[in-house]
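Q: Could you have a look at this structure, given as structure tokens, before my questions?
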Amino acid sequence: MKYKFKLGFTAVVLASFAALSEAQDKTTLDLLVSKGIITRHEADSVAKKAVAVTAKEKTTKSVKLIGRVQTQYENISTSETINGLKNELGTKSDFLMRRIFLGMNADIGSGWSATVIADFCRSSSNYLEYAYISKKYDGEFLSGIADIGYKKVYFNLEEYTSASKLLSIERSLASRYFSEDNNGRRLGLGGRHTGIYWQGKTPVEGLDYGLSITNSYSNNPSSIPDGAKDGLLYAFNVSYSDRINGDISLKAGLNTAFTNSMNTAGSAGDQGGYLIGLNPYITLTAYGFNLWGEFLMANIEDAKNAFSENATPMGVNIGMEYRFDIGELGALAPTVRYSWLDTDGRGTKVSDGIRNAYGESTFDRGQSVYAGLNWYISGNSLKFQIGYEYAKLEGSPTNPSISQDAHANAVRAQMQVLF
């Protein structure tokens, strides 16, 4: 069923692209006629030779094609030391297609639109990236955009920042812990959820707000995953942005979330416990510098020690990039990022925080440093990235007397094309 959907989806997108091409050809022919270069009869004769492909519904104003291709190379080595005994877990070295996105956005008119994007790289049944219907409001007392469907909640700045615009190749140790799929350690708080979203503007210029009511479980657009509960996740965000002058812009915000059914394995047994999440952040762009930072915290009911104690995991991300032009070759940008994580006894593995790394033992806390170089050949539309990340995890989440740590070294390179 999944592959039939993908083939059908591809056909629809290609048909939409053909429709756009045909419309452009007609515009060109009409222009040639108006300039007296060709006659109307000649233009009609050429047009008849083309196959016209149009949207099924006449109310559709336009259809936009959306695509992304990311090709990546990775080399990742991991070692763990438990009570003085070192264990080399091995090295992973391979090329991979990181993302292949294909989708479309349809403008229905009167402020209505729909967006559907699929990722052809995902091996599971969860191949949808986004699927939602939007309504834009621009009234005297209410202004903003309402979305109904499947998209990312506003929690964890690095997580809901598009992967096409990340300063690093992969997201951080802390971000992956808070937002990747729940597995008994990671929280699954961020990421994509199905529900209702609103992002609005206030009368105060630069002051925006948003709220959403979604399923508490993530990354499952149309069915409840095994073991999950059908509780709801309530999220609220507020931000203020200001452009001080042409070279300096600042944004500060706060994302919050609450659910009484965490839907994360290892939390309050089969009942699901409450979760309260806080995520303040700040971004600053000035004179070629791009700086950002965020704090992540979640208080979770009965999340550790056999569901007997609450846990309060915390994380920090801080990043910076400096971009400078290199003429016709585009722009170069050295970048660094630091990430810190404390699970408060809930636990994490190296494989939880470093994508595709090997991991066996569970640790209580960790930190990582990423350093890389981004080459913006044509902005984010054509970009090459290379970077190195070092991560260290330590401490036992259940027994402080155990001496243990882990080290991971990851080298990645990635090429990206957007269209």
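Q: Note the listed values (1) 89, 69, 57; (2) 88, 52, 46; (3) 62, 51, 41, then indicate which one is Cα extents along the principal axes in Å calculated from this particular structure.
A: (2)
Q: Report the accessible area of LEU31, computed with a 1.4 Å probe over the heavy atoms of all protein chains in place, in Å² rounded to the nearest 10.
A: The value for LEU31 is about 100 Å².
Q: For the chain, which whole-number percentage of the solvent-accessible area (1.4 Å probe, protein heavy atoms only) is attributable to carbon and sulfur atoms? Don't skip to the end; give the middle numbers.
A: Values: 12320 of 20900 Å².
Here carbon and sulfur together make up 59 percent of the probe-accessible area.
Q: In the stretch 334-419, if the dipole is taken from +1 on Lys/Arg beta carbons and -1 on Asp/Glu beta carbons about the Cα centre, which of ASN409, PHE419, THR343 is farthest to the positive end?
A: So the residue furthest toward the plus end is PHE419.
Q: Over the stretch 312-398, consider all pairs of different Cα atoms and compute the Kirkwood hydrodynamic radius from their mean reciprocal separation; express it in Å, one decimal. Write out the running numbers ahead of the final one.
A: Values: mean 1/r = 0.0682 Å⁻¹.
Hydrodynamic radius (Kirkwood, Cα only) of the stretch 312-398 equals 14.7 Å.
Q: A follow-up question, please. Accessible area per residue for the chain in Å², computed with a 1.4 Å probe and the full protein assembly in place, what is it?
A: Values: 20900 Å² over 419 residues.
I get 50 Å² per residue for the chain.
Q: On to the next question. Using θ = phi - 60° and the Karplus relation 6.51 cos²θ - 1.76 cosθ + 1.60, list the HN-Hα couplings for the stretch 85-100 in order, rounded to whole Hz, with x at every Gly or Pro.
A: 9, 8, 10, 7, 7, x, 10, 10, 9, 6, 9, 7, 8, 6, 8, 9
Q: When only Cα pairs under 8 Å and 6 or more residues apart are kept, what is the percent relative contact order across the chain?
A: The value is 13 percent.
Q: Then there's this: What is the magnitude of the charge dipole of the stretch 203-337 about its Cα centre, with +1 placed on the Cβ of each Lys and Arg, -1 on the Cβ of each Asp and Glu, and no other charges, expressed in debye to the nearest 20? Each step should come with its number before you reach the end.
A: On the way: 6 positive and 14 negative charges, 23 e Å.
The dipole of the stretch 203-337 has a size of about 120 debye.
Q: Using 1/(1 + (r/R0)^6) with R0 = 35 angstrom and r between the beta carbons of ILE318 and TYR137, what's the FRET efficiency to the nearest 0.05? If you can, show how the numbers build up before the last one.
A: Values: r = 36 Å, r/R0 = 1.03.
Here the calculated transfer efficiency is 0.45.
Q: Sorting TYR358, TYR287, TYR177 by accessible area (1.4 Å probe), largest first, what list results?
A: Numbers: TYR358 90, TYR287 140, TYR177 0 Å².
Per-residue accessible area, sorted high to low, gives TYR287, TYR358, TYR177.
Q: Express in whole angstrom the spacing between the alpha-carbon centres of the stretch 394-409 and the stretch 122-161.
A: Computed from Cα coordinates, the inter-centre distance equals 38 Å.
Q: Given the -39500 (n - 2.57) contribution per DSSP H run of 4+ residues, what per-residue ellipticity at 222 nm results for the chain, rounded to the nearest 500 deg cm²/dmol? The partial results should precede the final answer.
A: Working: 5 runs with 57 residues, N = 419.
Rounded to the nearest 500, it is -4000 deg cm²/dmol.
Q: Please work out the FRET efficiency for the pair ILE224 and LYS92, using the Cβ-Cβ distance as r and a Förster radius of 25 Å; give the result to the nearest 0.05. Spell out each step's value before the answer.
A: Numbers: r = 33 Å, r/R0 = 1.32.
Step by step, r from the Cβ atoms, then E = 0.15.
Q: Whenever you get a sec, line up THR59, THR256, THR348 from highest to lowest accessible area (probe 1.4 Å, protein heavy atoms).
A: Details: THR59 80, THR256 35, THR348 5 Å².
Ranking THR59, THR256, THR348 by accessible area, largest first, yields THR59, THR256, THR348.
Q: Simple spin-label model, 7 Å along Cα-to-Cβ: GLU328 to VAL33 in nm?
A: Roughly 4.1 nm, to one decimal.
Q: Between ALA371 and LYS58, what is 0.36 nm times their sequence separation minus the Cα-Cα distance? Round to one decimal in nm.
A: 107.6 nm
Q: Pull out a ≥ b ≥ c, the square roots of the eigenvalues of the alpha-carbon gyration tensor of the stretch 114-173, then state rounded if a/c is under 1.5, prolate if not and a/b is larger than b/c, and oblate in the remaining case.
A: Values: a/c = 2.95, a/b = 1.51, b/c = 1.95.
Because a/c hits 1.5 or more and a/b fails to exceed b/c, the stretch 114-173 counts as oblate.
Q: For a quick check: with amide H placed at 1.01 Å from N, whose amide H comes under 5 Å from GLU129's, ignoring anything fewer than 5 positions away on the same chain?
A: Placed amide hydrogens put ILE117, ALA118, ASP119 under 5 Å from GLU129.
Q: Moving to a separate point now. Listed here are the pairs LYS136/LYS201; LYS152/LYS349; LYS135/LYS251; which of them are more than 20 Å apart at the Cα?
A: Details: LYS136/LYS201 12 Å; LYS152/LYS349 24 Å; LYS135/LYS251 25 Å.
Cα-Cα > 20 Å for LYS152/LYS349; LYS135/LYS251; rest within.
The values are calculated or read from the model by the stated rules, or taken from the named source; none is laboratory data. Bear in mind that the values here come from a model prediction, so they are computed numbers and not experimental data. Using ideal geometry, Cβ is built from the backbone for each residue, glycine included, and neighbour counts are taken over all protein chains shown. For the accessible areas, the whole protein counts, side chains as well, though only heavy atoms, and no ligand, DNA or RNA atoms are used. Shrake-Rupley method; radii C 1.70, N 1.55, O 1.52, S 1.80 Å.
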